[in-house]
1. Report the calculated FRET efficiency for R146 and Q167 (r = Cβ-Cβ distance, R0 = 22 Å), to the nearest 0.05.
2. Suppose each label sits 7 Å from its Cα in the direction of the beta carbon; what would the L71-D191 distance come out to in nanometres?
3. Each label point is 7 Å from the Cα along the Cα-to-Cβ direction; what then is the distance between the points at D232 and S98, in nm?
4. Please arrange K148, K171 by counting, for each residue, the other beta carbons lying within 10 Å of its beta carbon, fewest first.
5. Of V93, Y112, G129, which is farthest on the positive side of the dipole of region 93-132, counting Cα position, with +1 on Lys and Arg Cβ, -1 on Asp and Glu Cβ, and the Cα centre as origin?
6. Is there a pair in K125/K162; K128/K162; K87/K171; K102/K162 whose C-alpha atoms are over 24 Å apart, and which pairs would that be?
Amino acid sequence: MGSFDFVTFFFFVAAVIIFIQLRSVLGKRTGSERPPRELARRDQSPAAEGIDDPKVVTLPRRGRESADPDLFAAVDAYADPGSDLNKGLRDVVTADPSFNPKEFVAGATTAYEMIVSAFAEGDRKTLKGLLSRDVFDGFVSAIDEREKRGETVRSNFVGIEKAGIIQAEMKGAEANITLRIVSQLISATLDKDGEVIEGDLVEVTDVNDVWTFARDTRSRDPNWRLIATEADQ
């Protein structure tokens with residue numbers, strides 16, 4: 001009897017989880033979802049053109065608000081209510097209720113370290129899974145040129161001193177989150193003879209970056225990809 005009760009309870013829990021997952025995606029998919037590499041063309045989707053489609057906007061939004069009255073609590077804790085950043089983050093959460101600013105920053109800083117290290121090592125495979133097509137092409141081009149010159153990079157990631165979201169916005173169905181990241185790095189570029197031509201092998205350097213990550217909120221793929229980088233002066 002105990003075994004039967006456990007099995008019954010297990011399948012009941014599984015059924016509830018499946019039901020919740022199905023209900024959370026009803027009305028969100030439009031049939032025009034595209035893979036991450038087609039970011040540049042997503043603005044042609046109905047959501048990006050501002051079409052008032054109840055399958056895309058009304059049903060999911062109404063269901064989320066009634067299910068979770070504290071939907072924006074994490075946003076208000078992260079950014080001052082009424083600020084542009086708070087409004088942008090609220091727009092992202094409306095499109096993707098699973099988004100949490102603090103958790104996003106933690107994941108983005110991990111991705112930052114992976115990308116910086118992969119670029120130094122010329123690890124194209126790792127970069128491909130973390131970058132948009134345009135950024136990936138730019139990184140690979142720089143790696144190719146470096147290798148043609150016979151140069152190598154020795155890099156030691158010391159850590160991240162500070163990281164925070166400075167802008168958030170929805171572009172159609174695509175969420176864009178921009179962070180300012182201050183990191184510490186030991187990095188040097190060596191020529192084919194092993195001589196340092198840029199950087200230093202022992203000195204720790206402060207690096208200030210502004211990176212933007214994006215994700216299609218209609219997609220079941222939870223991964224964010226880097227779509228823009230710039231040095232923060």
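1. E(calc), rounded to 0.05, equals 0.10.
2. Here the answer is 6.0 nm between the modelled labels.
3. So the two model labels end up 2.8 nm from each other.
4. Details: K148 8, K171 13.
Fewest-to-most Cβ neighbours within 10 Å comes out as K148, K171.
5. The listed residue farthest towards the positive side: G129.
6. Pairs exceeding 24 Å: K125/K162; K128/K162.
Where a number appears in this text, it was derived from the coordinates with a stated rule and is not lab data. All values reported here derive from a predicted model rather than from experimental measurement. Neighbour counts run over all protein chains shown; Cβ positions are idealised from the backbone, glycine included.
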